[in-house]
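Colleague: Sharing a structure with you now.
No lab work stands behind these numbers, since they all come straight from the coordinates. Predicted model, so just to flag it, every value in this text is computed and none were measured. Cβ sites come from the backbone with ideal geometry, for glycine too, and all protein chains shown count toward neighbours.
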Number of protein chains: 2
Amino acid sequence: MMLVSGPSSTKLGGKVAQILGVRNVSVEYKNFPDGESYLRLPEDVRGEDVVLIQTTYPQPDKRVLELLLLIDTLKDLGAKKVRAVVPYMAYARQDSRFREGEAISINTIFKLIEGAGADEFLTVDIHKEFSLKVLRIGAKNIRAAEAIADYLKSMELVEPYVLSPDRGALKIAQAIGERLGAEYGNFEKSRDRISGAITVKGEKVEAEGRDVVIADDLISTGGTIASASKIVKGEGARRVIAVCTHPLLVGEALVKMRQAGVDEVIGTDTIESEVSRITVAQLIARELSKS
Amino acid sequence: MMLVSGPSSTKLGGKVAQILGVRNVSVEYKNFPDGESYLRLPEDVRGEDVVLIQTTYPQPDKRVLELLLLIDTLKDLGAKKVRAVVPYMAYARQDSRFREGEAISINTIFKLIEGAGADEFLTVDIHKEFSLKVLRIGAKNIRAAEAIADYLKSMELVEPYVLSPDRGALKIAQAIGERLGAEYGNFEKSRDRISGAITVKGEKVEAEGRDVVIADDLISTGGTIASASKIVKGEGARRVIAVCTHPLLVGEALVKMRQAGVDEVIGTDTIESEVSRITVAQLIARELSKS
């Protein structure tokens, strides 16, 4: 096995390779003045079982296209097998035709990944697991709840209460809550499909004096978390800790959440950000060593 | 036949549809805060013979991915046939493995276009025509020299001399020169594969008192044109007119060329830019009406 780290996942790729004790090759990379990517494999990959790791944020379009270019190039250069590991899969929220005529973008991208020649696909906390069904190659979704819960354990939380901002993410709150031995539940979120405005509602949350963990698969603009934080702070929560697998943190997301009373924001390194204090390297390495 | 204009080619798409007298549908488009594209076909395409027009500059990665998403979405929505018209094809200069291990990016992208479901492919002045050979679907390269020469005719040039900056583009200078009834030739260009530095050389050019047209398939940073312009201005050229099919005009390209003595820069609308004074709409419409 040989690990190839794409331009967006050099750090995480290095960690996974170290845990597995395999060679790590970083893709040679530059950006041309016109915005095109230049990619080169600096080592021979002929006959190799290659694990390619490349996340797709920030710059989702560039990173997705690089992923496709790298899969095809590895095959063209003679790699025996290419397992594509995409720690954060962009476009996964575009998983259904909400209005007639819309692109179901994640379906197209999975077809392209398969068409480029990937033999297996691995990702972490994809928005909806059913999206993987379009893939005919082996596909696996790793859940980061275990690593997140272990990190939260080390924080010595006071009467922790784990909440997801909507029912869709309840399984995340549940997985974290169970491993943490904490109560868990969910808010109800509604999003206006046209304006994008988010509303979070919930029954009375017993937050008085407790540390509330708001857990979601990703944090984008931080609007959902901010909305939920205001509610629990209003009900007397001692601290609010926002945790997610994928810290996209668009624009002023951190400022917005802090202003809404969030005391800490914690994410994993599926995306390299300033809040990526939890690594998913062990989880990825464990999955890779299974097959 | 129905024309669908992608986000990057709304103007050109409108012109082509008008010439052909067919319905023009503009793709509904927005950019999500995290950088992902949202795409929607606002009209029914079931059973239609669709011509999709989408250029791939600026933002080549975003535009290429949108192209792929649109092809697959059109097919998924029931279009009978999708002809992909890509006026400027990004990544076409990455057409060979110049160093071991490099991505031959244009090959991958063509495979993806085909894999997404395109039934035919049409482009304008692709960097090297041999790149099209990787496509198994019908593929055609339209040459813009005719439209460029017709525009130059209207300029009443004095003893015009058409020069390409290197031997590779000589066929462009030749096609323009022949239609213009003017002398033509080429410089010799060399590019350092590592640093990217460009050198243009040529035998003595008889430019004294003449209008020199420097013609290339594309103008990126303008370095090549600037280098050639200095030579012909040094030999007494009356005016220097830089013409190209694809005006990428990266960064300060226009300033750089003007400082090197270029009097006018003219491009076509394969890319919408401030110098796109020539339209390729008629050429595209003519090709589309053949089949």
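Colleague: Could you give the dipole magnitude of the protein assembly as shown about its Cα centre, charging the beta-carbon of Lys and Arg +1 and that of Asp and Glu -1, in debye to the nearest 20?
Modeller: In debye, rounded to 20, the protein assembly as shown gives about 520.
Colleague: Where does helix B:10-20 land angle-wise versus the long Cα axis of chain B, in degrees 0 to 90, nearest 10?
Modeller: 80 degrees
Colleague: Among A:149-157, A:227-235, how do they line up by average Cβ neighbours within 10 Å per residue, starting with the highest?
Modeller: Packing proxy ranking, top to bottom: A:227-235, A:149-157.
Colleague: HN-Hα J couplings of the range A:242-254 from phi, Karplus 6.51/-1.76/1.60, θ = phi - 60°, integer Hz, Gly and Pro as x?
Modeller: In residue order, the calculated couplings are 9, 10, 8, 7, 10, x, 6, 6, 5, x, 8, 4, 5 Hz.
Colleague: To check you understand DSSP bridge types, tell me what percent of the beta bridges within chain A (both residues inside) are antiparallel, rounded to 5.
Modeller: 15 percent
Colleague: Could I ask something else about it? How far apart are the B:SER96 label points across copies, placing each 7 Å from Cα toward Cβ, in nm, shortest first?
Modeller: Values, ascending and in nm: 5.2.
Colleague: Mind checking which of B:VAL213, B:ILE271, B:MET155 is farthest towards the positive end of the range B:136-291's charge dipole, using Cβ charges of +1 (Lys, Arg) and -1 (Asp, Glu) about the Cα centre?
Modeller: B:ILE271
Colleague: If you split all Cα-Cα distances of chain B into 10 Å bins from zero, what percentages do you get per bin, shortest first?
Modeller: Calculated over all Cα pairs of chain B, the distribution is 6, 28, 33, 21, 10, 2, 0 percent.
Colleague: Across peptide B:87-97, how many C-beta atoms of other chains are within 10 Å of each residue C-beta, on average?
Modeller: Per residue, the average neighbour count from other chains is 2.
Colleague: Listing B:LEU12, A:LEU122 from the residue with the fewest other Cβ atoms within 10 Å to the one with the most, what is the order?
Modeller: Least to most surrounded, the residues fall as A:LEU122, B:LEU12.
Colleague: When chain A is modelled as a GNM with alpha-carbon springs shorter than 10 Å, which of A:VAL213, A:VAL262, A:VAL134 fluctuates the most?
Modeller: Sorting by GNM fluctuation, first place goes to A:VAL134.
Colleague: In whole angstrom, how far apart do the alpha carbon centroids of the range B:16-49 and the range B:159-184 sit?
Modeller: Cα centroid of the range B:16-49 versus Cα centroid of the range B:159-184: 38 Å apart.
Colleague: Count charges around A:ILE137 for me, please; just the other residues with Cβ under 14 Å from its Cβ, Lys/Arg as +1, Asp/Glu as -1.
Modeller: +4
Colleague: Next question. Hey, can you grab everything whose amide H is under 5 Å from the amide H of A:GLY138? Only 5+ residues off in sequence or another chain; H modelled, so Pro and N-termini drop out.
Modeller: Answer set, sorted by chain and number: A:PHE121.
Colleague: Can you list, shortest first and in nm, the gaps between the label point of A:GLN18 and those of its counterparts in the other copies, using a point 7 Å from Cα in the C-beta direction?
Modeller: Those label-point separations list as 6.1 nm.
Colleague: If you don't mind, another one. Could you pull out the pairs from A:LYS75/B:LYS81; A:LYS81/B:LYS80; A:LYS189/B:LYS111; A:LYS111/A:LYS153; B:LYS75/B:LYS171; A:LYS11/A:LYS133 whose alpha carbons sit more than 32 Å apart here?
Modeller: Correct reply: A:LYS81/B:LYS80; A:LYS189/B:LYS111; A:LYS111/A:LYS153; B:LYS75/B:LYS171.
Colleague: Would you kindly work out, in nm and rounded to one decimal, the distances from the label point of A:GLU274 to those of the same position in each other copy, ordered shortest first, with label points 7 Å along Cα-to-Cβ?
Modeller: 3.6
Colleague: Separate question: Please list the non-local residues whose amide H lies under 5 Å from the amide H of A:LEU248, H modeled 1.01 Å from N, same-chain partners needing a gap of 5 or more.
Modeller: Result for A:LEU248 returns A:ILE219.
Colleague: Can you run the Rg to Rh ratio on the protein assembly as shown? Use alpha carbon positions and the Kirkwood inverse-distance Rh.
Modeller: Ratio value, two decimals: 1.04.
Colleague: May I pose another question? Can you tell which of A:ILE176, A:ILE137, A:ILE241 shows the greatest fluctuation in a Gaussian network model of chain A with Cα springs below 10 Å?
Modeller: Of the options given, A:ILE137 has the highest mean-square fluctuation.
Colleague: Using only Cα atoms, tell me the angle between helix B:105-116 and the longest principal axis of chain B; keep it within 0 to 90° and round to the nearest 10.
Modeller: 30 degrees
Colleague: Give the Rg/Rh ratio for the range B:145-269, taking Rg as the radius of gyration of the Cα atoms and Rh as the Kirkwood radius, to two decimals.
Modeller: Expressed as Rg/Rh, it is 0.93.
Colleague: OK, next. Using Cα centres only, tell me the gap between the range A:75-149 and the range B:251-291 in whole Å.
Modeller: Between the Cα centres of the range A:75-149 and the range B:251-291 lies a distance of 39 Å.
Colleague: If you count, for every residue in A:55-62, the Cβ atoms of partner chains within 10 Å of its Cβ, what is the mean?
Modeller: 5
Colleague: Here's a follow-up. Relative contact order of chain A, please, whole-number percent, based on alpha carbon pairs below 8 angstrom and at least 6 residues apart.
Modeller: 13 percent
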